[in-house]
There are 2 protein chains.
Amino acid sequence: MSAPRQKHGKKAPYRRSRQRDRILTLLRSTDSHPTANWLYARLRKEFPDLSMGTVYRNIGILVEQGLISRIAFGSTFDRLDAKVAPHYHFICEQCGAIHDLDVAPNKDILGRISPPKGFEVRRHEIELYGLCAKCTARP
Amino acid sequence: MSAPRQKHGKKAPYRRSRQRDRILTLLRSTDSHPTANWLYARLRKEFPDLSMGTVYRNIGILVEQGLISRIAFGSTFDRLDAKVAPHYHFICEQCGAIHDLDVAPNKDILGRISPPKGFEVRRHEIELYGLCAKCTARP
DNA sequence: GTTCATGCAAATCGTTTGCACAATG
DNA sequence: CATTGTGCAAACGATTTGCATGAAC
């Protein structure tokens, strides 16, 4: 959700920065899915007065450029559900509406999806993202 | 993540409260997956000086009682990923580690999982939750 | 030299918590 | 009456933003 920083919706002509370069390099060097804070701690050794603002701004730019992705799910706030039985969700990317799906979760549904050996799967979630009927009609 | 409020890990002997009753009723009356804030706005008409603290505390209790569930995904902070190609994740419920899964996302994997008609699916996510190898070994 | 990126600090947002008082069992 | 639940306000943690200065192009 980082705002474009230019007038007419044109593509932003980003300049290079040592900080952003390092952030990308660091992220590419690990598969541990770091947090912003991890990056901050790591980079503070190279840039003693690095600020969190810079880290977050650069993450936003890198995401916008498609060079990295955020593992975030929908909104930042919790949605509640009185339907306790496990079920899957459809999330509308336009209006944010969440709809329950009919299929009952079942291990068989996962088919050949399995974790590395030694891992124990207790539950799973599936989310479909796209446009709900309302938003498909009125784009 | 609401803390039990009693000594020896015994089950908490919750008392009843008008506010909590209404929260549950309201949640059961809709399938729109409300937010805490929606509940607050709604209930303020009945309880003019309801507080957010009360809403959140009761949500916590209801979740603990298994009467409702939170549609929240893993941690509250974003995890980053330089692997841009879509892929599924395994999340360890004990240590929070996130691991990439091997299978390449593919519509076929969804099998008979489909949204209501009129909906357009653009992408999907699958997350497995459980214990990673490390945590399985050392519980 | 114009514009973007940075550091700093303050602000924002959803959520949590400490406290004194009211309500429950 | 022993505790839990409430309202209030302050605290919290992750993230965002306004502003003056420094770096890219």
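Throughout, read-outs are computed from the coordinates displayed, never taken from laboratory work. Keep in mind the model is a prediction, meaning the values are calculated, not measured. All Cβ positions, even for glycine, are placed from backbone atoms using ideal geometry, and neighbour counts span all protein chains on display.
Side notes on the structure shown:
- Nearest 10 degrees, 0 to 90: helix A:18-28 Cα axis against chain A principal axis: 40 degrees
- For the protein assembly as shown: rounded, prolate or oblate by the Cα gyration tensor [a/c cutoff 1.5]: rounded
- Inter-probe distance in nm under a simple model that places probes 7 Å from Cα toward Cβ, at A:S29 and A:S17: 2.0 nm
- Taking the longest Cα principal axis of chain B as reference, the axis of helix B:52-64 is set at about 60 degrees.
- Antiparallel content of DSSP bridges confined to the protein assembly as shown, in %, to 5: 75 percent
- Taking other C-beta atoms within 10 Å as the exposure proxy, B:F77, B:F90, A:F119 rank B:F77, A:F119, B:F90 from fewest upward.
- Overall form of chain B: oblate. Here a/c, set by the Cα gyration tensor axes a ≥ b ≥ c, is 1.5 or more, and a/b is not larger than b/c.
- Within 10 Å of each Cβ in B:107-118, the average number of Cβ atoms from other chains: 5
- Sparsely packed loop sites in the stretch A:32-139 (the trypsin sites (Lys or Arg not before Pro) outside DSSP H, G, I, E and B with at most 14 other Cβ atoms within 10 Å) comprise A:R44, A:K45, A:K83, A:R112, A:K117.
- Between the amide H of A:H124 and those of B:Y129, distances stay under 5 Å, these residues lying 5 or more places away or on another chain, with hydrogens modeled in the peptide plane.
- Averaged over the residues of B:28-40, the number of partner chain Cβ atoms lying within 10 Å of the residue Cβ comes to 4.
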